[in-house]
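Enquirer: The structure that follows is given in the form of structure tokens.
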Amino acid sequence: MLRVFITGASSGLGAALAREYALQGARLGLLSRRAEALQTLAASLPNASSHRLYAVDVNDSTALAAAAEDFLRETGGIDIVIANAGISHGTLTERKADLAVFSRIIQTNLIATVATFAPFIDTMRLQAASDPRSAMPLRLVGIASVAGIRGLPGAEAYSASKAAVISYCESLRVELRRYGITVVTIAPGYIDTPMTRINPYPMPFLLPADEFARRAVRTIAAGRSYAVIPWQMRGVSWLLRLLPNWLYDRLFANAPHKPAFGEAGEP
């Protein structure tokens with residue numbers, strides 16, 4: 001039985017991943033700030049009583065580590081950790097009020113990813129050393145974004161945070177490879193979640209969250225180092241990487257912006 005720990009689990013991508021893994025018979029550790037939403041989700045899952053719920057803010061690293069330790073005690077180990085918790089708001093450097101928003105986005109999207117993985121690595125290393133031929137995967141999964149591939153206007157904090165997640169996961173992947181631990185980076189395109197529904201612009205190749213979860217779970221099981229989901233956005237991200245700066249700047253200079261913090265509620 002897979003043991004899977006997911007942050008940001010109460011809605012959006014996290015809830016969809018929880019549903020998909022629960023259908024596969026996994027035992028889940030589900031962490032989110034919103035206790036009621038977590039309980040509602042857990043009640044809808046197969047084998048509801050076998051899952052552990054943690055009403056914790058990922059920015060509280062002490063409480064996050066305690067939740068991880070509790071899950072390890074209850075399950076006797078870990079197979080997959082998914083650092084999914086994230087927030088997104090439109091931000092502009094010249095807006096003084098946005099400095100605090102920058103800090104919160106970087107903290108939640110990047111620093112909390114590190115804090116999510118940290119309590120599990122020693123246990124994973126011990127598991128890999130004690131049973132190197134185990135059929136169970138050992139995966140640390142970082143949820144990045146295609147917004148981290150090139151900086152998007154009006155999304156300075158979000159793009160920076162997701163670019164950092166991509167680079168961080170790559171560094172960690174190389175570091176942990178020797179121990180038999182696989183780091184997987186998944187960069188979603190536009191997925192239909194509460195976070196994207198407030199976007200006031202067209203979202204090409206919009207994918208339902210449950211379909212994203214099915215594809216992501218297959219990617220994680222395969223141990224791919226990096227994947228963009230949906231597949232159509234792989235081509236878009238490849239083209240964005242290739243565009244020279246002068247052309248990219250011209251094409252995106254007037255792109256619409258995501259609402260700023262407080263303009264459309266919490267994602």
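Values quoted throughout were computed directly from the atomic coordinates according to the rules given, and no laboratory measurement underlies them. Only a predicted model underlies this, so the values are computations on that prediction, with no experimental measurement involved. We place every Cβ from the backbone using ideal geometry, glycine too, and count neighbours over all the protein chains shown.
Enquirer: Where does each of Leu72, Leu30 land when they are ranked from fewest to most other beta-carbon atoms within 10 angstrom? Write down the numbers at each step before the final one.
Expert: Details: Leu72 18, Leu30 29.
Fewest to most other Cβ atoms nearby, the residues stand as Leu72, Leu30.
Enquirer: Which of the peptides 7-20, 214-227 is most tightly packed, and how do the rest follow, judged by the mean count of other Cβ atoms within 10 Å per residue? Write out the running numbers ahead of the final one.
Expert: Working: 7-20: 24.7, 214-227: 16.7.
The most tightly packed comes first, giving 7-20, 214-227.
Enquirer: In whole Hz, what ³J(HN,Hα) sequence does segment 147-157 give by Karplus (6.51, -1.76, 1.60; θ = phi - 60°), x for Gly and Pro?
Expert: 5, x, 7, 9, x, 9, x, x, 10, 4, 5
Enquirer: Cut-off is 10 Å between beta-carbons; in what order do Val81, Val114, Val101 appear when sorted fewest neighbours first?
Expert: Working: Val81 27, Val114 14, Val101 21.
With the sparsest Cβ surroundings first, the list reads Val114, Val101, Val81.
Enquirer: Using θ = phi - 60° and the Karplus form 6.51 cos²θ - 1.76 cosθ + 1.60, what ³J(HN,Hα) does each residue of segment 209-217 get, whole Hz, x for Gly and Pro?
Expert: Per residue, the Karplus-derived 3J(HN,Hα) values read 4, 5, 5, 4, 4, 4, 5, 5, 5 Hz.
Enquirer: A further question on this structure: In square nanometres and to one decimal, what's the mean projected area of the convex hull around the Cα atoms of segment 47-132? Provide the component values of the computation, followed by the final result.
Expert: Values: hull surface 29.7 nm².
Hull-based average projected area comes out at 7.4 nm².
Enquirer: Between rounded, prolate and oblate, where does segment 107-151 land on the alpha carbon gyration tensor, with a ≥ b ≥ c its root eigenvalues, rounded for a/c under 1.5, else prolate if a/b exceeds b/c?
Expert: On the way: a/c = 4.84, a/b = 2.06, b/c = 2.35.
Because a/c hits 1.5 or more and a/b fails to exceed b/c, segment 107-151 counts as oblate.
Enquirer: Now for a separate question. HN-Hα J couplings of segment 182-187 from phi, Karplus 6.51/-1.76/1.60, θ = phi - 60°, integer Hz, Gly and Pro as x?
Expert: Once θ is set to phi - 60°, the couplings for segment 182-187 become 9, 9, 10, 10, 10, 10 Hz.
Enquirer: So what's the back-of-envelope 222 nm ellipticity for the chain, counting only DSSP H runs of four-plus at -39500 (n - 2.57) apiece and dividing by all residues, rounded to 500?
Expert: Values: 10 runs with 122 residues, N = 267.
After summing the helix terms and dividing by residue count, I get -14000 deg cm²/dmol.
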